[in-house]
Amino acid sequence: MNTEMEGEEVLDAVILGASGFTGKYVVREFLSHLERPDGQGLRRIGIAGRNREKLGETLRWAAKGALPPSIPIIEADVTDAASMAALCRRTRLILSCVGPYRLYGEPVVAACVEAGVDYLDITSEPEFMERMEALYHESALLSGSLVVSACGYDSVPAELGVIFHARQWEPPSVPHSVDSYLVLESDQQIVGNITTFESAVLGVANADELHKLRRSRPRRPKLQVPGPPASKAKSIEHQKSIGLWALKLPSADAAVVRRTQALLAENPHGLPAVNENSDLVEKRRKFWSEVKPLYFGVYLGSKSFLSIPRTICIGLMVVLLGRFSWGRSLLIKYPEIFTLGQFKKRGPTEEEVRSASFKMWFLGHGYSDESRLLQQGSKPNMEVVTRISGPEVGYATTPITLVQCALLVMDQRQSLPKGGVFPPGIVFGPTDLQERLEKRGILFENISKKTIS
């Protein structure tokens, strides 16, 4: 961990990329959590980016017209290693909102690992996350830098949702598989911003690099799921249990959950903390013993079949054009045309953000009694449905999840792993993150549990 330097205040956290579209919402969310829980005054946070004037505008916007609190504004440029090193000397934690992360993320991770500073981000780019683990995990272990990606809507709800779902299977029942179904809801048009879309386009363009990276790394152990192998996923399906049509998605959520499961295969009792007594060790071991292994899939859900062809059409355009440099230029220059209005350079309006919400259903199948696994040809005979719901995903839920992860790092650092590059589930699963999110309007529900023929 970074220590305070003589004559210079070291901040608790800095939001990097604060003047960006998502960054400004993160600043606004953080301003409502400046009071320390121990009553010892205010947390010391700063905001950073390339343009001081834009950062000042962000602070005034986030403060909703009121006089902004005394928050340092720090000029920092991710393309300048000296600038990143200087920023790390000013803080113990960086919240990076600088995307696409494939283009701008690595210099921030490298500087944090070198300085022993903790790092959180909101990326949904599997190639970036897995490349950072390959390049910096061992160094982060040594320096004590805790690097956790995907702390936004991608992929905290999926990680905590799978954990919450798995814990609903009380002995003697055991889960076998769970699929998540994301439903986006709004009485207005649902709009994303250009940076999110650009990240998706770059992900398509560099899919081969992700496969190459995975082939180059040592094969990791997998959690052993009791019962038969996972059934082949359908591209389109109708789930009567939850009343949804669904389209199978290539999703960051699936990749992130698999990384947590691989870590659990290597560390069945979770990761040891910096400083934990015997009670905390026992609590951690008990928690992970209740999280049963299962297969996981991701779908985009809709109450109407008519939205499925529209989504397929957008996906095909991105996949076909994203393979060529001229195609990527067209996609990024005219996102409204190629996504039929779902992504815009201006991003959503305040009203569009307020009107939107999400539901993420988790439909699981397994066995009512573990002994059924011993019966040859036995098929799952039990169904469990859980659900997470909350506000708009990109600019309401993402700031909430990122800030709550940051507060846990700030307030409970000794109860978290010393350092390393990890997905959020293995780090924050045993903490009170779920309870914190519920207080901010992100709800976890056990909907139903029944036997099936």
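The values are calculated or read from the model by the stated rules, or taken from the named source; none is laboratory data. Keep in mind the model is a prediction, meaning the values are calculated, not measured. FYI the Cβ positions are ideal-geometry reconstructions off the backbone, even for glycines, and counts take in every protein chain you see. The accessibility values were calculated without ligands, DNA or RNA, using every heavy atom of the protein model including side chains. Shrake-Rupley method; radii C 1.70, N 1.55, O 1.52, S 1.80 Å.
Overview of values
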| item | result |
| --- | --- |
| Sole residue being under 30 Å from LYS449 (Cα atoms) and hydrophobic (A, V, I, L, M, F, W, C), chosen from ILE388, ILE337, ILE312 | ILE388 |
| Check on GLU114, in contact (Cβ under 8 Å) with a residue 24 or more places away in the chain, assigned to a helix (DSSP H, G or I), farther than 14 Å from PRO423 by Cα and open to solvent by 40 Å² or more (accessible area, probe 1.4 Å) | yes |
| Of the criteria (1) under 22 Å from the mean Cα position of the chain (by Cα); (2) part of a helix (DSSP H, G or I); (3) at pLDDT below 95, which one ARG60 fails | (1) |
| Tabulated pairs, the stretch 127-143, first charged (D, E, K, R), second open to solvent by less than 20 Å² (accessible area, probe 1.4 Å), C-beta under 6 angstrom, 6+ apart or interchain | GLU133/VAL421 |
| The stretch 357-376, residues that are surrounded by fewer than 17 Cβ atoms within 10 Å (Cβ to Cβ) and without any contact (Cβ under 8 Å) to a residue 12 or more places away in the chain | LEU374, GLN375, GLN376 |
| Verdict on SER241 being touching a Leu at 6+ places or on another chain (Cβ under 8 Å), hydroxyl-bearing (Ser, Thr, Tyr) and part of a loop (DSSP other than H, G, I, E, B) | yes |
| Where a residue in the stretch 161-175 is touching a residue at least 12 places away in the same chain (Cβ under 8 Å) and assigned by the TED database to the domain that holds VAL384 and its partner, wherever it lies, is assigned to a helix (DSSP H, G or I) and open to solvent by 30 Å² or more (accessible area, probe 1.4 Å), with Cβ under 8 Å and at least six apart | PHE164/GLN434; PRO171/GLU370; PRO172/GLU370; PRO172/SER371; SER173/GLU370; VAL174/GLU370; VAL174/LEU373 |
| Out of LYS283, LYS292, LYS248, sole residue that is in contact (Cβ under 8 Å) with a residue 40 or more places away in the chain, basic (Lys, Arg) and touching a helix residue (DSSP H, G or I) at 6+ places or on another chain (Cβ under 9 Å) | LYS292 |
| Top-ranked residue of the stretch 322-334 - restricted to ones that are outside any loop (DSSP other than H, G, I, E, B) and in contact (Cβ under 8 Å) with a residue 60 or more places away in the chain, ranked as farthest from SER186 (Cα to Cα) | ARG328 |
| Tally, over the stretch 90-100, of residues that are in a loop (DSSP other than H, G, I, E, B) and either small (Gly, Ala, Ser) or in contact with a helix residue (DSSP H, G or I) (Cβ under 7 Å, 6 or more places away or on another chain) (or both) | 4 |
| Condition check for LEU416: open to solvent by less than 30 Å² (accessible area, probe 1.4 Å) and within 24 Å of GLY161 (Cα to Cα) | yes |
| Filtered residues of the stretch 273-293 (kept if part of a loop (DSSP other than H, G, I, E, B) and either closer than 16 Å to THR431 by Cα or open to solvent by 60 Å² or more (accessible area, probe 1.4 Å) (or both)) | ALA273, VAL274, ASN275, GLU276, ASN277, GLU290, VAL291 |
| Count - residues of the stretch 222-244 that are in contact with a helix residue (DSSP H, G or I) (Cβ under 7 Å, 6 or more places away or on another chain) and either in the same structural domain as GLU125 (by the TED database) or open to solvent by less than 60 Å² (accessible area, probe 1.4 Å) (or both) | 3 |
| Single condition GLY46 does not satisfy, out of (1) of a type outside the set (Val, Ile, Thr); (2) part of a strand (DSSP E or B); (3) surrounded by fewer than 18 Cβ atoms within 10 Å (Cβ to Cβ) | (3) |
| Residue match in the stretch 294-306 (condition: surrounded by 15 or more Cβ atoms within 10 Å (Cβ to Cβ), assigned to a loop (DSSP other than H, G, I, E, B) and within 24 Å of the chain's Cα centre (by Cα)) | yes |
| Check on GLY270, of a type outside the set (D, E, K, R), farther than 30 Å from GLN414 by Cβ and either assigned by the TED database to the domain that holds TYR181 or loosely packed, with under 13 Cβ neighbours inside 10 Å (or both) | no |
| Search result, residues across the stretch 208-233 that are touching a residue at least 40 places away in the same chain (Cβ under 8 Å) and under 22 Å from the mean Cα position of the chain (by Cα) | GLU209, LEU210, LEU213, ARG214, ARG220, LYS222, LEU223 |
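Here's the yes/no breakdown for (1) of a type in the set (Val, Ile, Thr); (2) open to solvent by less than 20 Å² (accessible area, probe 1.4 Å); (3) part of a loop (DSSP other than H, G, I, E, B); (4) modelled with pLDDT under 95:
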| site | (1), (2), (3), (4) |
| --- | --- |
| ASP77 | no, no, yes, no |
| ARG102 | no, no, no, yes |
| PRO107 | no, no, no, no |
| LEU120 | no, yes, no, no |
| MET132 | no, yes, no, no |
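Residues are listed down the side, and each one gets a yes or a no for (1) of a type in the set (Val, Ile, Thr); (2) out of contact with any Gly (no Cβ under 7 Å at 6 or more places or on another chain); (3) under 18 Å from SER307 (Cβ atoms):
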| site | (1), (2), (3) |
| --- | --- |
| GLY152 | no, yes, no |
| ALA166 | no, yes, no |
| VAL191 | yes, no, yes |
| HIS238 | no, yes, yes |
| ILE242 | yes, yes, yes |
